[in-house]
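Before any comments, here is the structure.
The values are calculated or read from the model by the stated rules, or taken from the named source; none is laboratory data. Predicted, not measured: the structure shown is a model, and the values here were computed from it. We place every Cβ from the backbone using ideal geometry, glycine too, and count neighbours over all the protein chains shown. Surface accessibility is based on the protein's heavy atoms, side chains included, excluding ligands, DNA and RNA. Shrake-Rupley method; radii C 1.70, N 1.55, O 1.52, S 1.80 Å.
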Amino acid sequence: MLWVDKYRPKTLDKMIVHDDIAQHLKKLVTEQDCPHLLFYGPSGSGKKTLIMAVLRQMYGASAEKVKIENKTWKVDAGSRTLDLELTTLSSTNHVEINPSEAGFQDRYVVQEIIKEMAKNRPIDAKGKKGYKVLVLNEVDKLSREAQHSLRRTMEKYSASCRLILCCNSSSKVTEAVRSRCLNVRINAPTEEQIVKVLEFIGKKENLQLPPGFAARIAVQSNRSLRRAVLLFETCRVQQYPFTSIQAIPPMDWEQYVSEIASDIMQEQSPKRLFMVRGKLYELLINCIPPEIILKRLLSELLKKLDAELKHEVCHWAAYYEHRMRLGQKAIFHIEAFVAKFMSIYKAFLIATFG
Amino acid sequence: MGKRNVIVLSSSEEDENGGGGDGSSNSGNGVRSRSTNRISSRLNPGPSVTTSKPKKRARRRISESNSHPDSWNVELGSFDALCEDFYDGFQEFRKVAGSGPKDKSELWVDKYRPQSLLELAVHKKKVEEVNMWLKERLIDSKDKLHKHALVITGQAGVGKSATIHVIASHLGASLCEWKTPTPTLWQEHMHNLSSGVHYMSKLDEFENFVERIRKYPLLPFNTIGKSMKPSMLLIDDLPLINGKQALGRLRKCLYTLVGSVQIPTIILITECARVDSSKNSARDWEDLLSSLVNAGACKMSFNPITTNSVKKTLSKICKEERCSVTVEQIDQIARVSGGDIRHAITSLQYFCLTPSQLLSFNTIHSNDKADEFRTSDDGFALSFGRDETLSLFHALGKFLHNKRETVNIAGFGQDLLLLKEKFARLPVKMDAPEKVLYQANVQASPVADFLHENVLDFLSDEAVDDAWTVASYLCDADNLATFHGSLWSRTTNNQEVDSISHLAAASVAVRGVLFGNSHPTQSRWHAIRSPKLWQAEQLLRRNKNEMVRQRNEAYRELISSNISVMATEYKPMLRWLGSRAVEAPLVYMEGLQDCQIDKDTFDDTKMDDVDDDIEDW
């Protein structure tokens, strides 16, 4: 088992990071009926861990007995019946799904599947009607229509069902949904917090941590706790006992992006653009989301860039990121950004060095 | 004689002018009016000495028109008696009227059907090739040649059937044709059902026919009284196939036919879909063709007829018809025909017909209409000509090579809006991009994909700015094509909106490429690649599924994380942990090498899916 999972805190009390939020949530769940919840925050900050802990707090250990199912849902969409296949993760009291996996048919998922689940109310041992919890991941990736139908579902079945929504950015969730939920912002852990977690794990694993080593991992991890723990484990496999100068292996795709960035800086020509395109394809094929590629590429480029140009380059990156979300073919937009960068950078070089 | 001519001409004139008003109410009906002609010529017993030869020719003609799928008189058997009558009269009429200068009662295509080898417009070598092949089989069939099938391919109207017919008559062989059954309409089908006739698919009928041909060799019908004539079999019109299963049946059927047939058999395949290589039908035909060749059939392909020989034929017809068509006009007709002689002749007839016809009509009217004719005469090129179709690659070539005039001659629009230096472009040397797109008959998104894949090769090495301009226009095109989904998906007629936004997207993509590429490279040969984007998308989908599967099966503990986290964080780590010895980025290369193999299998499976759907319907 990976350390990430092994040392994931199971209960709200054991939280090392965000312990204040955990205590609040505990109070909320134990003392009164809990409202719909919306967790948002950057990836690797502990949203999922918190959600699982909340579920455990609600239902006890039974929440951890989950089974994975690949269910096919028949949805009656007006003139035809759609078959939607979706992976669900469920225990007796909660169901977790990732509706955006259904792609552009996500609104049916929200409308029909959630409705159906919400209707089947569990009855607990005392004959009292309890409520089910639905965990929806990546709500920010839902289409606008789906989010609208989500709003309706929330209102209609609020008696029998609680929704826990989870997303990276609350700005992509509609106002209507946000206002119906208790919004819980989960910050990215600070580097000190990450160091604390790493030291905790190190103690559990009986590892000798040289001074400053955990801090270096924390810096490299980009304030993502998940990544920090993964890096930590990688280092452990790579070399133990640790040395203070031990290199921390970077993510291969990030390395690849920085290669692309240096390619771009080296030469600005259509030929080079074509080469870059090939590399971008390779990243895309490996399921690296285009937004992340663009973001990473921008930060790599900014590292090497004259301050004068940074503003303009950022502007274009934002512009093409937006366009990418409107369009379908991500490669067109990333490539357009690269081309624009090349064009700007070349003009700059000519202006400065003649 | 002269008098008779007058009578006939007036009656034919009448029915072409839409029944001039001599009281015969249904003179618009072709059969009826022609039988009037017959009667009028039968009044004079003189020329009705009909020999059997023209009759036979007429028969053949009708069998030829049978081979055309939408001909109106297909069921020869049931109309036999009527037809005989009709053709008797028609033949006489033809003899009489044909002597006059203006016989408009017949299509020139039929009238000037080549009767001898010399008249054929097909290239002499090709004709000779076919001739030799047939001769070998027909005349010196003593030595048992086991290859008795010939496949002839070519565009429509390049004289495939004509060549076979002429050669057959030249060699004195009798030609048996597969007579395509009439397509059944739904109403007919209902009618037939009530009368107990069951529907039989045309493919079934064809299979039966082939079966019969194989089992029972052709009976020499004409042994009585005549010397035994060698016979040959012509399959002009293969049944329409739809879907993989039907293709398989047809292929199998033809395969056995080719393998076992004892008399020379000629199969004609019209390459109608060749230009549009993206359609599956073209692929199907190629498939069929190659399987025929594998079965041992000899393959010949007819090229489009050269402009010169079309011109020669046209001027010969003009001379015979005594119509005044200038050399330039003939030249133009020949050029726009695209090597389709049937079309060229029909165009010529139409062209010769209209002015004189209408002029005679106009004598009553004032001469201002005559002016109109002069003008329409000038612009005659517009009134006919095949709509050109372009292959996708041809169109892409036009866009990518971006040929422009060297000087701005026309200067159109210059006075209307003055463009800044950097926005001005020389006029392009082609039709409007939208027109080219229309001719190539492609969708917006493949066009954008192809342009995106290939355009960088055509930019000069220095022009990064151009690259950006092009890329930004392609982005716009992508966004336009996706536009409908978010905004108007609920509107009722989103089909229409879709198509408009797609048209706009294609137009933006193409014009963007044309505009952006302001410093094209020296034109040299470039291979046009098919978009790598397609492979990438396919691989992406596969990898994603794979990842979901892995997540569900192997790493149960990872279940809570989504795909992007998997891809960006767990996967690299696991990869690293799994294969520390190997340099990590190599894994990417692996993925790409799979591409090539995958692409083919992907295509096949995709086709399968599509076909299955059709079958289910």
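Here is a yes/no grid of residues against (1) crowded, with 21+ Cβ neighbours inside 10 Å; (2) facing another protein chain (nearest Cβ under 10 Å); (3) part of a helix (DSSP H, G or I); (4) in contact with a Pro (Cβ under 7 Å, 6 or more places away or on another chain):
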| site | (1), (2), (3), (4) |
| --- | --- |
| A:Met275 | no, yes, yes, no |
| A:Ile293 | yes, yes, yes, no |
| A:Ser299 | no, no, yes, no |
| A:His311 | no, no, yes, no |
| A:Cys314 | no, no, yes, no |
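Out of all the residues in the stretch A:37-48, which are open to solvent by 20 Å² or more (accessible area, probe 1.4 Å) and either in contact with a Lys or Arg (Cβ under 8 Å, 6 or more places away or on another chain) or away from every other protein chain (no Cβ under 14 Å) (or both)?
Across the stretch A:37-48, the qualifying residues are A:Tyr40, A:Pro42, A:Ser43.
Sort out which residues of the stretch A:261-273 are part of a helix (DSSP H, G or I) and at the interface with chain B (Cβ under 7 Å from one of its Cβ atoms), and write them in order of number.
Listed by number, the residues that qualify are A:Pro270, A:Lys271, A:Leu273.
Determine which member of the set A:Glu267, A:Glu300, A:Glu321, A:Glu335 is within 27 Å of B:Leu459 (Cβ to Cβ), at pLDDT below 90 and not assigned by TED's automatic domain parsing to the domain that holds A:Val229.
A:Glu267
In this structure, does A:Ile113 turn out to be out of contact with any Asp or Glu (no Cβ under 9 Å at 6 or more places or on another chain) and part of a loop (DSSP other than H, G, I, E, B)?
no
A:Ala176 - would you say it is more than 14 Å from every other protein chain (Cβ to nearest Cβ) and either in contact with a Cys (Cβ under 6 Å, 6 or more places away or on another chain) or not in a loop (DSSP other than H, G, I, E, B) (or both)?
Here the answer is yes, as A:Ala176 does meet what is asked.
So A:Ser258 ticks every box in (1) buried (at least 21 other Cβ atoms within 10 Å of the Cβ); (2) of a type outside the set (Asp, Glu); (3) more than 10 Å from every other protein chain (Cβ to nearest Cβ) but one. Which box is left unticked?
All conditions pass for A:Ser258, except number (1).
Hey, can you tell me all the residues within the stretch B:160-191 that are modelled with pLDDT of 75 or more, out of contact with any strand residue (DSSP E or B) (no Cβ under 7 Å at 6 or more places or on another chain), surrounded by 15 or more Cβ atoms within 10 Å (Cβ to Cβ) and not hydroxyl-bearing (Ser, Thr, Tyr)?
B:Ala162, B:Val166, B:Ile167, B:His170, B:Leu171
Take the residues of the stretch A:277-286 that are within 27 Å of B:Met573 (Cβ to Cβ) and charged (D, E, K, R): which is nearest to the other protein chains (Cβ to nearest Cβ)?
The extreme case among them is A:Glu282.
Does the stretch A:56-65 include one or more residues that are within 13 Å of another protein chain (Cβ to nearest Cβ), outside any strand (DSSP E or B) and open to solvent by less than 60 Å² (accessible area, probe 1.4 Å)?
So far as the stretch A:56-65 goes, yes, one or more of its residues are within 13 Å of another protein chain (Cβ to nearest Cβ), outside any strand (DSSP E or B) and open to solvent by less than 60 Å² (accessible area, probe 1.4 Å).
On the basis of being outside any helix (DSSP H, G or I) and either surrounded by 21 or more Cβ atoms within 10 Å (Cβ to Cβ) or out of contact with any Pro (no Cβ under 8 Å at 6 or more places or on another chain) (or both), does B:Cys318 make the cut?
no
Is it fair to say A:Glu321 is among the charged types (D, E, K, R), within 13 Å of chain B (Cβ to nearest Cβ), free of Cβ contacts under 8 Å to residues at least 40 places away in the same chain and over 22 Å from A:Met251 (Cα atoms)?
Here the answer is yes, as A:Glu321 does meet what is asked.
Looking at (1) modelled with pLDDT under 90; (2) more than 23 Å from the chain's Cα centre (by Cα); (3) open to solvent by less than 10 Å² (accessible area, probe 1.4 Å), can you tell me which one A:Ile217 breaks?
(2)
Those residues that are in a strand (DSSP E or B) and crowded, with 20+ Cβ neighbours inside 10 Å, I need them from the stretch B:421-479; list them, please.
Once the filter is applied, which keeps residues that are in a strand (DSSP E or B) and crowded, with 20+ Cβ neighbours inside 10 Å, the stretch B:421-479 yields only B:Leu459.
Of the residues that sit in the stretch A:241-282 and are in contact with a Lys or Arg (Cβ under 9 Å, 6 or more places away or on another chain) and of a type in the set (A, V, I, L, M), which one is farthest from B:Val565 (Cα to Cα)?
So the residue we want is A:Met265.
One line per residue, one yes/no per condition, for (1) farther than 19 Å from A:Ser91 by Cα; (2) within 14 Å of another protein chain (Cβ to nearest Cβ); (3) of a type in the set (Ser, Thr, Tyr); (4) not in a helix (DSSP H, G or I):
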{"site": "A:Met1", "(1), (2), (3), (4)": "yes, yes, no, yes"}
{"site": "A:Val17", "(1), (2), (3), (4)": "yes, no, no, yes"}
{"site": "A:Lys26", "(1), (2), (3), (4)": "yes, no, no, no"}
{"site": "A:Thr30", "(1), (2), (3), (4)": "yes, no, yes, no"}
{"site": "A:Pro35", "(1), (2), (3), (4)": "yes, no, no, yes"}
{"site": "A:Met52", "(1), (2), (3), (4)": "no, yes, no, no"}
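For the stretch A:316-347, what are the residues that are more than 18 Å from A:Lys279 (Cα to Cα), surrounded by 16 or more Cβ atoms within 10 Å (Cβ to Cβ) and more than 29 Å from the chain's Cα centre (by Cα)?
Passing the criteria: A:Ser343, A:Ile344, A:Tyr345, A:Lys346.
Taking the condition surrounded by 17 or more Cβ atoms within 10 Å (Cβ to Cβ) and either away from chain B (no Cβ under 11 Å) or closer than 23 Å to B:Arg542 by Cβ (or both), does A:Asp252 pass?
yes
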